[in-house]
Structure formats: structure tokens, C-alpha cells
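Asks: Please find one structure pasted underneath; my questions will follow.
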Amino acid sequence: MVGSDDESDGGKVTELYLRLYPLHRGPGGAARFLAKYIQSGCAGSVGVSYDAREWVPAGSGSLEQIIKLSGAFGLDDKVHGFEQVGELRTEGSAISLPYCWFSAIDTWDNPSLCAVDTYDLSGNDVRFRARSYNRPDLLPIAKALEYAEQRDYPAVLAYCATAKVAKSLVQKVPPYISAEDLQVIRTGNWSERIEFGSKPAYRFEVARLNGRWLVTSFNPN
């Protein structure tokens, strides 16, 4: 029951499923476990939360939160072009936590973007190791649109190749975008053109530069 109230959303969640997994103990031998929560409503996609805790015996004892991660899973985990990435792994000193999340490039009630986070539990302090995405080429578009809707220029710039592109997104992106009829056209070995939306449609160009995919062009047609 520890921490479960945090996931119930004040009673708004119709169903809440919980599974517990023992985790690798560090050199200090403190007991650790992972709670995986699945939240569902009457229909549609489901939410997922990972809550890892470590027993601290000092004083009267307490459970310290060492990992907290929330996301969602869609109705279908094998959507063409958007298959989920990674598998839940809780054994050993390296664990992996898969999840998806809703973004501006979703085309229906299914989160298109998914990731898997890995953590190192070998030491007394749990450390984040890496994050891998199912569609790293589309990630900068989703993130740039998310922050452009908030008019957060520095955050948008982090996902764009130039300041000009970032400023254009912040100035021209409306409060809400629907990714209808998403089309990805390869224009080179490490470059693509992405178009979506009803008229007026949106056109982006992305390229992999210095190991990262970035938005190189934005045109609201």
C-alpha cells in the first residue's frame, strides 16, 4: 500500500493494477523493490507508473523513493512504424523500464512515441544510465511543438538546428496541432521530410547532425 495513494489520482482512476518486483541490492544490502502501476478508465489507452523504493532502517525505518517514472501504453503495441521499444527488465544490477507518452504527432488514441529507460543499481546510489526511443527522428518535432505551444523559445531551440527555425515555431505554432495523415519521406541517408495535418498542413524537415536528430526546417503551408 505504500505510495499507492499517489497513483489513484484522487479516486478518478477507474481501475488500478499493481505488480511488485524485487530489485538488486547495492553494496550496503538495503532492500529494494519496484512497483508497476497500470491505471485504466472505461476505455482507451492506459497509464503506467514505475515507483522504486529502498528500505532505510535508520530510526523507525522508512521507504525512500529512488525511481519515479510515468507514461502510457496504447491499445496496440505494434502500430506500423511506431512499435514500442524495450522490455521490462527488473533482474540484475541493470534494469529497464519501457513506456510511451502522448504528443503532438499522435494520429489516434495511441501514443506514437515510446522509450525505454535503463538504470544502474550496482551501487548504493541508483543512477540513470540511458534512454532509447522508438522514433528518434520524430522526437525533435514532438518536443519542439510541445514547447512552442508554451512559447518556451530556449526549450524549442534545443531541438532545432538553427535559431531561425526555433523562432518560427514559437511564433507560428497554434495552441493545438493534430497530426492527421502523418507522412514521412526520406530525403537522404540521415534526413527526412515530415508532413501532417489538414489544410493548412505542416511540413518539417529533420536531419541527424552530430549524432542527434534536429528540426532543420518548418513551414506551415
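The values are calculated or read from the model by the stated rules, or taken from the named source; none is laboratory data. What you see is a predicted model, and the numbers here were worked out from it, not measured in a lab. Here the Cβ positions follow ideal geometry from the backbone for every residue, glycine too, while neighbour counts run over all protein chains shown.
One line per residue, one yes/no per condition, for (1) outside the structural domain of residue 160 (by TED's automatic domain parsing); (2) of a type in the set (Val, Ile, Thr); (3) surrounded by 11 or more Cβ atoms within 10 Å (Cβ to Cβ):
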{"site": "178", "(1), (2), (3)": "no, no, yes"}
{"site": "184", "(1), (2), (3)": "no, yes, yes"}
{"site": "188", "(1), (2), (3)": "no, no, no"}
{"site": "192", "(1), (2), (3)": "no, no, yes"}
{"site": "197", "(1), (2), (3)": "no, no, yes"}
{"site": "201", "(1), (2), (3)": "no, no, yes"}
{"site": "204", "(1), (2), (3)": "no, no, yes"}
{"site": "209", "(1), (2), (3)": "no, no, yes"}
{"site": "216", "(1), (2), (3)": "no, yes, yes"}
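Asks: A further question on this structure: Being surrounded by 15 or more Cβ atoms within 10 Å (Cβ to Cβ), over 19 Å from residue 212 (Cα atoms) and more than 13 Å from the chain's Cα centre (by Cα) narrows it down to one residue among 120, 125; which is it?
Replies: Answer to the selection: 120.
Asks: Can you tell me which residues in region 92-106 are touching a Phe, Trp or Tyr at 6+ places or on another chain (Cβ under 8 Å) and of a type outside the set (Gly, Ala, Ser)?
Replies: Across region 92-106, the qualifying residues are 95, 97, 99, 100, 105.
Asks: Do any residues in region 183-201 that are in a loop (DSSP other than H, G, I, E, B) have Cβ atoms under 7 Å from those of residues that are among the aliphatic types (A, V, I, L, M) and at pLDDT 95 or above, where the two are at least six apart or on different chains, and which pairs are they?
Replies: 190/207
Asks: Which numbered condition in (1) closer than 26 Å to residue 33 by Cα; (2) out of contact with any helix residue (DSSP H, G or I) (no Cβ under 6 Å at 6 or more places or on another chain); (3) not basic (Lys, Arg) is the only one that residue 136 fails?
Replies: Single failed check for residue 136: (1).
Asks: On to the next question. Please pick out the residue among 156, 170 that is farther than 30 Å from residue 86 by Cα, in a helix (DSSP H, G or I) and not assigned by TED's automatic domain parsing to the domain that holds residue 105.
Replies: Within the list 156, 170, the selection yields 170.
Asks: I'm told residue 165 meets every condition in (1) outside any helix (DSSP H, G or I); (2) among the aliphatic types (A, V, I, L, M); (3) over 24 Å from residue 111 (Cα atoms) except one. Can you identify the failing condition by its number?
Replies: Exception for residue 165: condition (1).
Asks: Let me ask another. Against the definition (crowded, with 19+ Cβ neighbours inside 10 Å, among the aromatic types (Phe, Trp, Tyr) and either in contact (Cβ under 8 Å) with a residue 12 or more places away in the chain or touching a Ser or Thr at 6+ places or on another chain (Cβ under 6 Å) (or both)), how does residue 82 come out, yes or no? Write out each step before concluding.
Replies: Working: crowded, with 19+ Cβ neighbours inside 10 Å: yes; among the aromatic types (Phe, Trp, Tyr): yes; either in contact (Cβ under 8 Å) with a residue 12 or more places away in the chain or touching a Ser or Thr at 6+ places or on another chain (Cβ under 6 Å) (or both): yes.
Yes; evaluated as a whole, the condition is true for this residue.
Asks: Now a separate question. Among the numbered conditions (1) in a loop (DSSP other than H, G, I, E, B); (2) at pLDDT below 95; (3) closer than 28 Å to residue 28 by Cβ, tell me where residue 55 comes up short.
Replies: (1)
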